[in-house]
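Contents: one structure, followed by commentary.
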């Protein structure tokens with residue numbers, strides 16, 4: 001019998017965490033993200049993710065400087081930033097940092113690749129706040145960046161975000177189509193394996209999730225959407241970033257897995273997170289939406 005792996009969602013954050021932890025082996029020394037009610041009075045002064053192509057190659061590989069940073073409007077009990085970097089639709093880098101009693105965080109990594117590529121980076125900036133009477137709330141923000149790199153013996157090493165020249169437009173089409181084909185293949189395999197009726201879902205690639213900070217997911221209010229996003233990232237952290245639990249019970253590194261596709265059910269009852277491990281196993285995580293637990 002095929003089974004879904006459950007992210008587990010509840011209207012109570014404690015219940016959510018308890019259900020998720022049963023499915024994920026978490027290192028007790030490693031901080032986790034736990035969703036708490038959002039404090040609308042807390043603001044991020046800044047939050048950014050940037051990708052920059054370095055001028056010179058090293059060992060015949062071009063290098064991408066990947067930076068992310070965020071600044072809250074106050075010191076917080078816990079600040080945490082989680083970053084994911086995809087190359088042509090495959091996870092090639094992940095960063096995570098947490099600190100207590102601070103307002104700002106920053107991280108930087110260098111990623112090396114030897115071919116033309118589309119880079120997609122997304123960061124979840126998270127804050128846990130402790131108030132009077134043991135009240136715990138949270139604040140969240142996302143940032144992202146995309147960069148195309150042309151690394152070909154027939155043209156100079158070059159990067160762009162918006163295609164302007166004929167060459168850039170040609171490369172953009174090639175790299176976009178390659179990424180889309182990879183993600184569609186992942187989705188089709190999962191749909192066949194688990195009997196998912198994709199027509200019953202709104203499909204959102206992870207690199208497009210940030211836009212829902214400013215517009216609601218169809219059928220939901222902006223407040224409901226913010227709660228969905230926070231709980232989604234909690235599940236992604238514990239069941240994707242820290243390791244993917246396969247059907248045989250083993251936990252594998254997510255590097256070289258496909259970019260998650262978020263499938264929100266049109267009846268508003270649940271969402272699915274679809275990815276494929278490095279060795280080709282389809283993984284489907286299920287998260288019940290508020291009011292359906």
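Observations
- Counting only alpha carbon atoms, the long axis of helix 222-236 and the longest principal axis of the chain meet at about 80°.
- Three-way shape label, segment 93-240, alpha-carbon gyration tensor, a/c 1.5: oblate
- Ellipticity estimate at 222 nm from DSSP helix runs (n ≥ 4, -39,500 (n - 2.57)) divided over the chain, nearest 500: -6000 deg cm²/dmol
- Taking other C-beta atoms within 10 Å as the exposure proxy, 81, 248, 279 rank 248, 279, 81 from fewest upward.
- Tilt relative to the chain, helix 166-194 - C-alpha long axis, 0 to 90 degrees, to 10: 40
- For segment 214-233 versus segment 114-159, the gap between their alpha-carbon centres in whole angstrom: 19
- For the residues 170, 208, 99, a GNM of the chain with alpha-carbon springs under 10 Å puts the largest fluctuation on 170.
- Note on the chain: GNM, Cα springs under 10 Å; of 148, 77, 240, the largest mean-square fluctuation is that of 77.
- When the chain is treated as a Gaussian network with alpha carbon springs shorter than 10 Å, the biggest mean-square fluctuation among 117, 163, 199 belongs to 199.
- Here the residues 167, 72, ranked from fewest to most Cβ neighbours within 10 Å of their Cβ, fall in the order 167, 72.
- Rel. contact order, % - alpha carbon contacts under 8 angstrom, at least six apart, the chain: 21
- Proxy reagent accessibility, fewest Cβ within 10 Å first, across 251, 149: 251, 149
Read-outs throughout are calculated quantities, based only on the coordinates presented, and are distinct from any laboratory measurement. Here the structure is a predicted model, which means the values were calculated and not measured. Because the Cβ atoms are built from the backbone with ideal geometry, glycine has one as well, and the counts that use them run over all protein chains shown.
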